[in-house]
1. Among the residues of the stretch B:390-402, is there at least one that is open to solvent by 80 Å² or more (accessible area, probe 1.4 Å) and under 24 Å from B:SER13 (Cα atoms)?
2. Can you spot a residue in the stretch B:302-313 that is among the charged types (D, E, K, R) and modelled with pLDDT under 80?
3. Where in the stretch B:350-452 are there helices (runs of 4 or more DSSP H), lying fully within it, with 2 or more residues that are out of contact with any helix residue (DSSP H, G or I) (no Cβ under 8 Å at 6 or more places or on another chain)?
4. Restricting the first residue to the stretch B:37-55 and requiring it to be under 21 Å from B:VAL68 (Cβ atoms) and within 7 Å of chain A (Cβ to nearest Cβ), which pairs with a second residue that is loosely packed, with under 15 Cβ neighbours inside 10 Å and not β-branched (Val, Ile, Thr) meet a Cβ separation below 8 Å and a spacing of at least six or different chains?
5. With under 40 Å from the mean Cα position of the chain (by Cα) and either at negative phi or of a type in the set (Val, Ile, Thr) (or both) as the only criterion, which of B:LYS234, B:LYS225 stands out?
6. Out of curiosity, is B:THR324 without any contact (Cβ under 8 Å) to a residue 24 or more places away in the chain, open to solvent by 20 Å² or more (accessible area, probe 1.4 Å) and among the polar types (S, T, N, Q)?
7. If I filter the stretch B:236-266 down to residues being under 20 Å from B:ASP181 (Cβ atoms) and open to solvent by 80 Å² or more (accessible area, probe 1.4 Å), which single residue comes out as modelled with the highest pLDDT?
Amino acid sequence: MRADQVIIEPVLTEKSNIMRETDVKKYCFKVDPRANKIQIMAAVEELFSVKPVSCNVMSVKGKPRFARTKSGQRKGSTAPWKKAIITLAKGESIDVIEGV
Amino acid sequence: MVSEKTFKELEHSSVELTVTVDQDIIKSEYQSLLADYTKKAHIKGFRKGKAPAKVLEQKYGEGIRAEVMYSVIERSLKEILEDKETAYVPLHYHQPVLQNEDELEIDLEKDFSYSVVYDVYPKVEVSTYTGFSIPVPEVQVPDDLVDAELTQLQEQNALVTVTDSPAEEGSIVTLDYCELDEAGEPLEETKREDFTFTVGTGYNYYQLDADVIGLKAGDERTIEKDYPEDHETKPLAGRKVAVKVALKAVKRRDLPELDDDFAQDVSESYETLDDLKRDIGKRIHEHLDARLKEYKLGKVLQQIVKAHEIQLPDSMVRMQLEQTWQSTLQQYRLKEEHMLSILGTSKEEHLEGFRERAEQQIKESLLLNKIIEQEHIEVTDEEVMLSLGPADESADDQAKSNRVYQEMQERERLTYEKATDFLLAGSTFTKGEEMSYEDFMNKRFEAQETSE
């Protein structure tokens, strides 16, 4: 898998913003569900030219969604995805993502 | 908030205004707007108002900067243009036009400058407005004009009575009619009931004038008409048509006798026929005098306009054209689309034909106003009072405000009259070509002469 296939997009939320405000910065990404920690760290290193210290991954379950239609209720869910949190060494940062 | 402003005069009475705004003002404006948005923004992944300003800036910075730019432009322009001491006041119906709008951009680290162009009231200076020598047509009032007027009055006061006698030339007939098809059956869509016309005028669809002569009320008849190829009414041309008519009433128009009674009928203010005749004669001369005065004034103004060069702003001409357009619409009581479909041209094309005339009109009124100002032609309160009569002290508020408006209009009218007299007194009028009364009254001088 190519690096740009592994990393799909940065996750921008209040929480991910807070994680970036400390000395040791952590970045949060939506990644390909098939990728493992090692691949993700390699991809971040390749794309952003930084040295990741550690990587935590988790599978985010899709959220249930309901829609009422003429023929009764339709159940469904949003797509499940994989989240990766990358910890960088102290003082390092990814400028492209800052404030996006 | 404006740190620098420069005016530059352009052609056609427009002005280019260049404004520079200090960067500190831009910055504070930007910050406050950003803070405002941060409080309200809904951004995915953040609760309302919790998104950091930085995120917002990154995402919507360009839009916010554009908004700041326009608000700064608007406020600074307002500040300059509403300042009483500004030398160049824009025409109230013309919006200043921003120059190079696409290239304008706000940089928080630099002063911001922009320029607008707007039309101002044209500079008018009048120097020569007296001493013109203008030939005025010698108008002959024919002697039989009074008689012609009398005949017209007679027609207007004619008594219409129902008669049993057959219709003749000049009778008023009321009839039902319908066209018959080949089998002799009436065609529903051509049916008309209680149609009234005067025999001999030809104001009816099938031109039945000659055919109804001799018919009495209650008569029914089928009339065969054969229309020539070149008949005016297109659908009938070259056709053979059978029309069934049923006369309902025949009325006769009785002209009153020309005597003292007739004069009294026309108006109670006349005692004898001679009074009426004298009054008609007087009225004719009054009309003529008014028209002559109008003609002279038109000529004098034309000379004055010719002697002065005024650069009219485009917006002013367009405004005048728009007014012309609106008044035309009102005159014909038509909707704009309808009017355009009748004219068969676009509004702009149609109005372009009036441009020269509109320019002339504007110049005339501008110059006249300037002359009024320069010569200190003023109307005193007493003169207005004298013309309108004393105000009613016991009137209610509505009537009072009406009165104020009336006085204003009267003052304007009197000023205009005075200025007219002043201008006419300043020029000499020589005898021109002879012209008959009718020709002179019906001719449209301004339209003809501006196109020369």
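The values are calculated or read from the model by the stated rules, or taken from the named source; none is laboratory data. Small disclaimer: the values here were computed from a predicted structure and weren't measured. We place every Cβ from the backbone using ideal geometry, glycine too, and count neighbours over all the protein chains shown. Each accessible area value is taken on the protein alone, full model and side chains, heavy atoms only, with ligands, DNA and RNA left out. Shrake-Rupley method; radii C 1.70, N 1.55, O 1.52, S 1.80 Å.
1. no
2. Scanning the stretch B:302-313, I find at least one residue that is among the charged types (D, E, K, R) and modelled with pLDDT under 80, so the answer is yes.
3. B:355-374, B:381-388, B:397-426, B:437-442
4. Taking only residues 6 or more apart or on different chains, the pairs are B:LYS54/A:GLU98.
5. The conditions single out B:LYS234.
6. Against the criterion (without any contact (Cβ under 8 Å) to a residue 24 or more places away in the chain, open to solvent by 20 Å² or more (accessible area, probe 1.4 Å) and among the polar types (S, T, N, Q)), B:THR324 does not qualify.
7. Taking the candidates together, the pick is B:LYS244.
For (1) of a type outside the set (A, V, I, L, M, F, W, C); (2) under 25 Å from B:VAL305 (Cβ atoms); (3) open to solvent by 30 Å² or more (accessible area, probe 1.4 Å); (4) assigned by TED's automatic domain parsing to the domain that holds B:GLN320, each residue gets a yes or a no:
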site	(1), (2), (3), (4)
B:PRO96	yes, no, yes, no
B:ASN100	yes, no, yes, no
B:ASP107	yes, no, yes, no
B:SER127	yes, yes, yes, no
B:VAL141	no, no, yes, no
B:ASP147	yes, no, yes, no
B:THR151	yes, no, yes, no
